[in-house]
Amino acid sequence: MNLDNFFQTQKIKGFLAHDEGMLLHGYAKKVAQLGPCLEVGSYCGKSSVYIASACKQNGSILFALDHHQGSEEHQPGEGYHDSELFDAGSERMNSFPAFLHTLRLAGVENCVVPLVCASQTLAPHWHQVLGMVFIDGGHSEAQAFYDCQNWSRHVAEGGYLAIHDIYETPEEGGQAPRLAMQSVVEQGCWQKVAQVKSLVILQKNTELP
Ligand SMILES: C[S@@+](CC[C@H](N)C(=O)[O-])C[C@H]1O[C@@H](n2cnc3c(N)ncnc32)[C@H](O)[C@@H]1O
């Protein structure tokens, strides 16, 4: 699939710029032999398509984790609320139907495993080594730290941790993802290998400190 064409012709809701998505796609392509990919925060499937299309090319898969009830900023009355994703019956946000629709449009359903639950529900039970983890779930300090700490440890040596919404100053954006990323870097076994806009890619060193 040509990702430029796909995203020019299909209106997919989401928060990733196209050049950020292409960076994710490129790193996902490198890691098939290390293990599957996992993302925290799929929303309507935009980031999922960039990663899953790389997995499809390489015979890998993407675990796409999201409770699909939206983050704090997606709730009614908040800045990023989208009323089209509000389910009046359950009186909740529900991005799962839009997520499935995006996967079908992109032809990547067969290489994505949706995991519909909270990150905290799954992380304590996870044992699979991963080639790449992409963190773009809850952006509160508690959630960003939880996700970075609890999912980065499953990345294989030589694999990648991608984190979205990394801003140097509060004027540019919320600081929780950057502080959470910093706490991972301080472990000493990660180095930054790429950045496009607010998307940062870290690689786990092949030699531990
Ligand atoms: C910023 S959006 C993700 C955007 C997406 N990566 C894209 O490319 O458009 C954040 C997503 O994280 C999910 N989320 C927030 N907190 C979560 C948690 N604790 N567990 C699972 N998903 C969570 C929300 O439901 C929301 O869909």
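Can you tell which of Gly77, Gly45 is at positive phi and free of Cβ contacts under 8 Å to residues at least 24 places away in the same chain?
It is Gly77.
Read through the list (1) free of Cβ contacts under 8 Å to residues at least 40 places away in the same chain; (2) outside any loop (DSSP other than H, G, I, E, B), then give the number of the only condition that Ala162 fails.
(1) is the only condition that Ala162 fails.
From the set of residues in segment 176-207 that are in a loop (DSSP other than H, G, I, E, B) and in contact with an Asp or Glu (Cβ under 8 Å, 6 or more places away or on another chain), which is most open to solvent (accessible area, probe 1.4 Å)? Lay out the reasoning, then the answer.
Narrowing segment 176-207 to residues in a loop (DSSP other than H, G, I, E, B): 186-189, 197-198, 205-207.
From what is left, the residues that are in contact with an Asp or Glu (Cβ under 8 Å, 6 or more places away or on another chain) are 197-198, 205-206.
On the way: Lys197: 128, Ser198: 9, Asn205: 39, Thr206: 99 Å².
The residue in question is Lys197.
Search segment 107-127 for residues that are assigned to a loop (DSSP other than H, G, I, E, B) and pair each with any residue that is surrounded by 12 or more Cβ atoms within 10 Å (Cβ to Cβ) and among the small types (Gly, Ala, Ser) when their beta-carbon atoms are under 7 Å apart and the residues are at least 6 apart or on different chains.
Val108/Ala52; Val108/Ser53
For residues in segment 142-154 being within 13 Å of the ligand (Cβ to nearest atom) and open to solvent by 30 Å² or more (accessible area, probe 1.4 Å), which is nearest to Leu62 (Cα to Cα)?
Ranking the qualifying residues of segment 142-154, first place goes to Asn150.
For Gly26, state whether it is over 16 Å from the mean Cα position of the chain (by Cα), away from the ligand (no atom under 13 Å from the Cβ) and not β-branched (Val, Ile, Thr).
Here the answer is no, as Gly26 does not meet what is asked.
If you take the residues in segment 137-157 that are in a strand (DSSP E or B) and touching a Leu at 6+ places or on another chain (Cβ under 6 Å), which one is nearest to His67 (Cα to Cα)?
Val155
Sort out which residues of segment 1-23 are of a type in the set (D, E, K, R), touching a residue at least 24 places away in the same chain (Cβ under 8 Å) and more than 9 Å from the ligand (Cβ to nearest atom), and write them in order of number.
Of everything in segment 1-23, just one residue is of a type in the set (D, E, K, R), touching a residue at least 24 places away in the same chain (Cβ under 8 Å) and more than 9 Å from the ligand (Cβ to nearest atom), namely Asp19.
Yes or no: Leu100 touching a strand residue (DSSP E or B) at 6+ places or on another chain (Cβ under 7 Å) and hydrophobic (A, V, I, L, M, F, W, C)?
When the stated conditions are applied, Leu100 does not pass them.
Which residues, taken from segment 156-175, are more than 14 Å from the chain's Cα centre (by Cα) and open to solvent by less than 40 Å² (accessible area, probe 1.4 Å)?
Ala156, Gly158, Gly159, Gly173, Gln175
The values are calculated or read from the model by the stated rules, or taken from the named source; none is laboratory data. Owing to the predicted nature of the structure, the values given are computational and were not obtained by experimental measurement. Counting neighbours? That spans all protein chains shown, and the Cβs are built from the backbone with ideal geometry, glycine included. With ligands, DNA and RNA removed, areas are computed over all heavy atoms of the protein, side chains included. Shrake-Rupley method; radii C 1.70, N 1.55, O 1.52, S 1.80 Å.
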